[in-house]
Amino acid sequence: MGIAAERAAAAGRGASARRRKAAGDANLAGYLFISPWLIGFLLLTLWPIAQSFYLSFTEYSLLSDPAWTGTDNYAKIFAEDATFAKSLSVTFLFVLFSVPLKLFFSLLVAMALNRNMRGMNLYRTAVYFPSLIGGSIAVAALWRNMFGLDGYVNQVLAWFGIQGVGWISNPDTSLGTLILLNTWQFGSTMVIFLAGLKQIPQELYESAAVDGAGSVRKFVRITLPMLSPVMFFNLVLGVIGSFQTFTSAFIITKGGPVNSTYMYAMFLYEKAFKHYQMGYASALAWVLLVIVALLTVVNFAASRYWVFYESDGGKTR
Amino acid sequence: MGKRKSQGAVLTLLASVLLLAACGGNSESGGDGQSGTDTGKGTDSGGAKTLGMMWWGPDARHEATKKALEIYTQQHSNVKFKPEFMAWDAYWQKLPTLAASKSIPDVLQMDAAYIQEYVTRGQLEDLSDIDLNGIVDPNVVENSKIGGKLYGIPLSQNAQGIAFNKEELAQYGIPLPKQNWTYDEFFQWARDARAKLPEGKYPIGDSTTWDGFNFYQTSMGKSPVMADGGKTFNLDKDLFMKFYNTYEDFRKAKIVPPAEKAAAFLENDPKADPMASGVVMTRGATTGSVSALEQLMPGKVGVVNMPIGPSGGGWAQSTIFLSVSANSKNKDEAKKFVRWFVSDKDAGEALGLTRGIPINPDIYKALEPSMQPQDKLGKEIYDLSVEKALPFYSAAAGYSEWVDTYKKEMDAVTFGQQSIEDAYAKIDKMGKELAAKAGGK
């Protein structure tokens, strides 16, 4: 539309009706071209979002029609629902640990893979390969077998005479196993880091080396600042993704034992599809959206103090 | 210029990020709904009909039912089927979405625990006019009615009992449980068995679910926890404290497995089943489910009825039904099929005991000579239970969350995170609120 509009404007004030019609046709063609996406977005994304907003003010059990209850759902979430507070704190704990761990670990792997070595492409493929099955149910099932009471982890520990706990069935360790799983699923984050590392001009390192900088100094003074936009991108997506963690909690622990891994998305899911409280679940979804949006705004606000853009001429904004 | 450009980029990123978050949240809550749209539309082209049928169960039931459907199509060439089958959990997750979109298949399996809810919502067709003379015992038909009308044809006899590892109990010199044991005898049996079992093995499992306590409360002559369609709620505090204090002592004395171990159990999993793994000597089993256990540990399973109190104990009745959707376009054909399902000899042979003991005595007699050991166990549970059986109590409509809460609060007790008294207070409060809400409608 932009180009068509500019062209119409460039034709000057005296543009004839015919020309305007031509511009309109061009607009129409443009809309037609994007219509598959547009229709899909309107019907499958925007409309359900609007619907869920409406449902969040109702009581709706699927079997009977939605009944308007005003802000009751929201009032109940904040005033009475102890499970809401519990699942939110579990989720915050999960995000707090898993996001930094994942960033750290994937950067480490990316740096290791960012060397010129024979057969490096093979290593890169091998390291990235498990990510193809990524956050799938198969991996979650594998995790359950590894960390179960008689799982592989405890079998290995037994060789050293250590009696392991039931990592998944113990409320003190269950969340830890899920954080570990999330950290292990570093593939896509790592690839983005790797691409970022490749973008850093080699001459920066060379001139630093001439000035006698060691590898730690090079990392702190060159790699980290040059990588900060990529880091920021990974951080924002990581926070959003972690807040929506569902598969691992659903498959591995079912939110238990005793709610110790009752993630927010899991709580929402059970409200909707186990207890059929669609209205309440919709309200929970909107609360989650607001929380994630707020955190994202905070992230963007904080970024001006640590993210470095080359285009700004070397200053953090 | 550079600054403006990067600010623009940041704004775009922010916008797209928020959009991403919205999409993610939405696809999570909406994902299940779309799967049901293509079901239950019986095509009506001339005489040819397609009946949708949906059921839950294990693989053996799926195969047997598909075979029965083929037989029906052979006998009635104008009727074809669109079968859908899944496991219990998936079934009850899917059905509400189908109900919401009025696309429940023509014929569907129903359970005693849910049928009331679906009848209340007007989702099931009245089947009272189907002639079941000589097929189903008139008393059973009468007992299956809801508000004087029949909404589901009972398929089988079912009962709740306890399975035990007869081989290992004999090995350690522990007497086998006897029919009509009382709760006191049951608890004493567990204490005595503890003394004879080696470390790492336990006589009985822990109890953290509402139905375990409901059995106890009703057997002691009290009313069930939920009555009157959920309008009455009665959790007897004295019995509650006595029951769970007993289990608290049992945990300390290692008569029941520690909570961490119990949380890892998964019934009917070859490695994680409490009994098949050799860790616990007993566990609950029903007529319909005991065969799966027997197959995991052939020849080792014995059965007994639930412990009883002054009023009796356990239950023995039909819990699986075949219903017809109120929105079906082929109601007459569906009703004809449902009657055939419980009366046809060939169907009976194909279905075997995959839904428990067939409700039709003629079909059961025809199957009896060729019954496998695992099927005999199911029949044994039923025969042992029927004398002292109490009614089958299901959670009332709208109580599913309370059922979950009950287990979570009691789990917290077994992990030593809260006292029995605190758990009682929370469970009781939530139950009373639900009852008040159900009564207000």
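Some notes on this structure:
- Sorted largest first, the spans of the alpha carbon positions of chain A along the three principal axes are 90, 74, 35 Å.
- Stretchable slack from B:N133 to B:N78, in nm (0.36 nm times residue separation minus alpha-carbon distance): 17.1 nm
- Along the range B:175-190 the Karplus relation, 6.51 cos²θ - 1.76 cosθ + 1.60 evaluated at θ = phi - 60°, assigns HN-Hα couplings of x, 6, x, 10, 4, 6, 6, 8, 4, 4, 5, 4, 5, 5, 4, 5 Hz to successive residues, with x for each Gly and Pro.
- Between A:Q199 and A:D211, the distance separating the two model label sites (each 7 Å from Cα on the Cα→Cβ line) works out to 2.3 nm.
- Residue of B:G348, B:G147, B:G378 that the Gaussian network model of chain B assigns the largest fluctuation, springs spanning Cα pairs under 10 Å: B:G147
- Spatial offset of the range A:100-155 relative to the range A:43-82 amounts to 39 Å, using the alpha carbon center of each.
- Amide H contacts for B:S156 (H built 1.01 Å from N in the peptide plane; partners 5 or more residues away or on another chain; cut-off under 5 Å): B:T319, B:I320, B:I359.
- Built amide H within the under 5 Å cut-off of B:W315, gap 5+: B:Q160, B:L390
- Legend: residue pairs A:K86/B:K407; B:K271/B:K300; A:K254/B:K196, Cα-Cα distance threshold 28 Å; pairs beyond threshold, A:K254/B:K196.
- Selected from A:A82, A:A110, A:A158 as most flexible by GNM, with chain A as the system and alpha-carbon contacts under 10 Å: A:A158
- Estimated inter-spin distance, A:F105 and A:V156, nm [label 7 Å along Cα→Cβ]: 1.2 nm
- Measuring against 28 Å, Cα to Cα, the residue pairs B:K242/B:K388; B:K345/B:K379; B:K201/B:K426; B:K261/B:K432 contain B:K201/B:K426; B:K261/B:K432 as the ones spanning a longer distance.
- Global form of the range A:155-308, assessed from the alpha-carbon gyration tensor, a/c cut-off 1.5: oblate
- Anisotropy class of the range B:118-165 from Cα gyration tensor, a/c 1.5 cut: oblate
- Each principal axis of the Cα atoms in the protein assembly as shown has its own extent, and those three values, largest first, are 91, 76, 54 angstrom.
- Net length gained if the chain between B:D269 and B:K429 were fully extended (0.36 nm per residue, minus Cα distance): 54.0 nm
- Full extension of the segment from A:L28 to A:A301, taken as 0.36 nm per residue of separation minus the current Cα-Cα distance, would add 94.4 nm.
- On the beta carbon distance between A:Q51 and B:E63, with R0 = 35 Å, the FRET formula returns roughly 0.30.
- The range B:274-353 versus the range A:201-251: alpha-carbon centroid distance in Å: 59 Å
- Most fluctuating residue given options B:A159, B:A396, B:A253, as computed from a GNM of chain B linking Cα atoms under 10 Å: B:A253
- Global form of the range B:332-416, assessed from the alpha-carbon gyration tensor, a/c cut-off 1.5: prolate
- 10 °C / 1.306 mPa s Stokes-Einstein diffusion coefficient of the range A:149-219, Kirkwood radius on C-alpha pairs, µm²/s: 98 µm²/s
- In order along the range A:99-110, phi translates into HN-Hα couplings of 5, x, 4, 5, 4, 4, 5, 6, 5, 4, 5, 4 Hz, rounded to whole numbers, per the Karplus curve 6.51 cos²θ - 1.76 cosθ + 1.60 with θ = phi - 60° and x for Gly and Pro.
- For B:V79, distant residues with modelled amide H under 5 Å away: B:K49
- ³J(HN,Hα), Karplus 6.51/-1.76/1.60, whole Hz, each residue of the range B:152-157, x for Gly, Pro: x, 7, x, 9, 7, 8
- Note on chain B: Kirkwood radius taken over Cα pairs, Stokes-Einstein applied at 4 °C and 1.567 mPa s, translational D equal to 54 µm² s⁻¹.
- Chain B: relative contact order as a whole-number percent, Cα under 8 Å and 6+ apart: 24 percent
- Computed E for B:E349/B:Q374 - FRET, C-beta separation, R0 30 angstrom, nearest 0.05: 0.95
A short reminder: the numbers here are calculations on the coordinates, not readings from a lab. Just so it is clear, the structure is predicted and the values come from calculations on it, not from any experiment. In this analysis, Cβ positions are derived from the backbone assuming ideal geometry, glycine residues included, and neighbour counts consider all displayed protein chains.
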